[in-house]
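Here is the structure we will look at, set down as C-alpha cells.
Throughout, read-outs are computed from the coordinates displayed, never taken from laboratory work. Quick caveat: nothing in here was measured; it's all calculated off a predicted structure. Cβ placement follows ideal geometry from the backbone for every residue including glycine, while neighbour counts extend to all protein chains displayed.
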Amino acid sequence: MLDVLDYFENTCDKYIDKYAVICEKKKITYKELKNKSMMMGSYIQKFIDLNDPVIVFMNKDIDTVESFLGILYAGGCYCLVNPEFPEERIKMISETLKSNVIITNNENYDSAINIFKDKKIINVNNINEKIDYERLLSIKSKKIDLDPVYINFTSGSTGIPKGVVVSNRSIIDFINVFTNEFNIKENDIIANQAPFDFDVSVKDIYSSFFTGATLLIIPKYYFSNPANLLDYIIDNDSTTMIWAVSALCLISTFHGLDYKIPNKVNKIIFSGEVMPIKHLNLWMEKLPNAMFVNVYGPTEITCNCTYHIIDRNYDYNDIIPIGKPFKNERVFLLDKDNKEIKIPNLLGEICVAGTCLSLGYFNNEKQNKDHFHQNPLNNNYFERIYRTGDYGKYNLDGELVFSGRKDFQIKYMGHRIELEEIEREIMKIDSVKRCVCIFDEEKQKLFGFYIGDIDNKTLKIELSKKLPIYMVPTKIVNLENFPLTKNGKIDRKQIMENYYNG
Amino acid sequence: MDRLKEILEELQPEVDYETCENLVDGRYLDSLTILSLISEIEDEFDVEIPTVEIIPANFNSVKNIWTLIEKMRED
C-alpha cells in the first residue's frame, strides 16, 4: 500500500458500517466517509494540480476530515488554517503556500471571502458532485509515496511561520509502528483533543483510519467546560487519549477527576512538554489499570521519535525520560564537535534520521538548509538528519532524557513558540523601543517586558491582532530600562527577579 | 471584587468588565484564559473551585465570578 488513502480504503472495506468519526452533532460511517470524500475529491480536482497545497479554513469537525480526504483524492495536500487566527498571520501562511484554492464551510464562508481575495473558495456544504471514478484512478496512478499529505505551520524565529511538509511514506511508517506498539485496534474510540493544525491530531486521525477505530472529535469549547468535557468523553466510551500534556493538566487543574473518572480509558499517550509528576500521579491514581506513555518529537520528524511507557513501580525522581526510539527511527546525540555521545549524563543535541523525516519546510530554502543536514557521522552516502535544537542525555538505563533548548524556543500549552517571533511582533509596534519575552516555566507564564511610551493594555490589544492568543504574553510589563549582564546582553534572570521582588 | 477585575484585565484587556455579561458564551474568555483565571483565583482568594462549578454561567460576568468565589469561601 502506497499512500494513506490505500490504508483508509482497506479499513473502509473491512468496517463498512462502523463509525469512522463522531462529533457533537453528527456521526459518519466508514462507507459514508469514503463516498463523501471521493465526491469532494471529484470536485476539488478540477481546480488543482498534483501535490498542490490546499488551505482548509475551518474548525475541527466531520466536514474537516472529509475535506482532508477529499483533497488527497484530488491529488493535493492539505493545510489547516485556524479561522480564529489573526488575519495577518493567515495571510502570511497563505503567501508562503501560494495556494489558489481555499476550502471552507458555511460557518466560515464570509470570513474566507474577506481574507482570501482572488482565490477560488469552495464551500463544502454546497458541493454536490458525481464521483468521477475514472478521474480519481488516473490521479492515483500518478502518485508516489513521497508525495505530501499535509503541511503544518509552526512558529519561526525569523517572524514568519514555517510550514512542515509531511509525506505519505512518513505517516505510513510512523502510524503502523505507533498503533502496533500501543495496541490501538478497531474497537478503540480515540478521543481527539488536539486542534487539526497540530500534529498530535495526525495520530488521532490516522490511527483511526489505519485500524478501523473511531475518531471522536471533541469541540474546542468543551475545554472551557470541564464537566461537559468529561461527560462527553465518558458517554462516548472513549478508550484512548493521545493528548497534549497541557490538556491533561487542564483537567487535573480543574479538579475534573474529582467529578468523574473516564473509566474506559485504557491508554493515555502524552506529549508536547514535560509532564509534571504531580499531575501524572493524579491521573494514574484514578486510572489504576491504564497504560501511560510519554512520547517525544518535533513536527519535522512526523509526530514522535521516542517513547517511554510509565512504570508504576519506578520512582522517577521528577524526571520522566523521553525514552527510546520507535522502530525504524534513528535518534542520537551529537556534541559540539559533531561527535556522537554514547555514555550517560553527557549533554548533546538530539538528532533524528529515517523515513520519519518530513520533506522539510514549504517554500523556505534557507530554513531547510539550517535544519536538515547530512549526517556528520556518515561520509559515505546521502543520509539526511534533522537537528531538533533540543538537548538530551542518556540516563543510566540508556534511555534519553530531555534537557532543555539550544535557543529561545519554548513549549506553552502544547504550542511550540519561538520567543523571538513574539519579540519581533512587539518591536513592530511604533512606540516600543526595546522588548524581551521570558517564559517562567515553573509558573507556566509567558511575560513580555518592554521599554516605550505605550500602556500595556494597548500593547496587548495590538499584539492580539497579529499573534495567535497562545503567543500573546499573559503579563505585559512596562519597564524604565533593562538590567544588563557583564557582556552587555539583556539580563533575563535579573528582570524576573526584579519582577517577583516588586 | 476590584482585585478580581485586575486579574481579568491583565489576562484579557479587550473587554469592558463593567458591562459584559457573556464573557464565556461570547468567547471573550477561552479555555486557556479560564485556566489561568482559575489558578489565579485559587491562589489569590484561597479557594478551590470544583469542576462542576466551571460552567459558562458562573464565568459570564464579573458579578457571577465574584458570587462563585464568595460561595466557595463559605463552604
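Structure values in brief
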| quantity | calculated |
| --- | --- |
| Which of A:Phe209, A:Phe447 has the fewest Cβ neighbours within 10 Å, and the rest in rising order | A:Phe447, A:Phe209 |
| By average C-beta atoms within 10 angstrom, highest first, the peptides A:318-326, A:72-80, A:380-388, A:193-201 | A:72-80, A:193-201, A:318-326, A:380-388 |
| Contact order normalised by residue count of the range A:140-204, Cα under 8 Å, 6+ apart, percent | 25 |
| Antiparallel bridges, percent of DSSP beta bridges restricted to the range A:437-502 (to nearest 5) | 55 |
| Size of charge dipole - the protein assembly as shown - debye, nearest 20, with Cβ of Lys, Arg +1 and Asp, Glu -1, no other charges | 1720 |
| Shielding score for B:57-69, defined as the mean number of other chain Cβ atoms within 10 Å | 0 |
| Distance violations [Cα-Cα > 25 Å] among A:Lys25/A:Lys91; A:Lys475/B:Lys5; A:Lys433/A:Lys460 | A:Lys25/A:Lys91 |
| Proxy reagent accessibility, fewest Cβ within 10 Å first, across A:Ser157, A:Ser431 | A:Ser431, A:Ser157 |
| Distant-in-sequence amide H partners of A:Lys267 (H built 1.01 Å from N, under 5 Å) | A:Met241, A:Met291 |
| Zone residues, the range A:30-62, relative to A:Glu107, backbone N less than 13 Å from point 7 Å out along Cα-to-Cβ | A:57-62 |
| Electrostatic dipole magnitude of the range A:417-500 [Cβ: Lys, Arg +1; Asp, Glu -1; Cα centre; debye, to 20] | 40 |
| The range A:387-502 - percent relative contact order, Cα under 8 Å, separation 6 or more | 16 |
| Fraction of antiparallel bridges per DSSP, chain A only, in percent to nearest 5 | 60 |
| Length-normalised contact order of chain A in % [C-alpha pairs under 8 Å, at least 6 apart] | 12 |
| A:Glu285, A:Glu349, A:Glu273 arranged by Cβ crowding within 10 Å, fewest neighbours leading | A:Glu285, A:Glu349, A:Glu273 |
| Peptide-level mean, for B:35-42, of C-beta atoms on other protein chains within 10 Å | 4 |
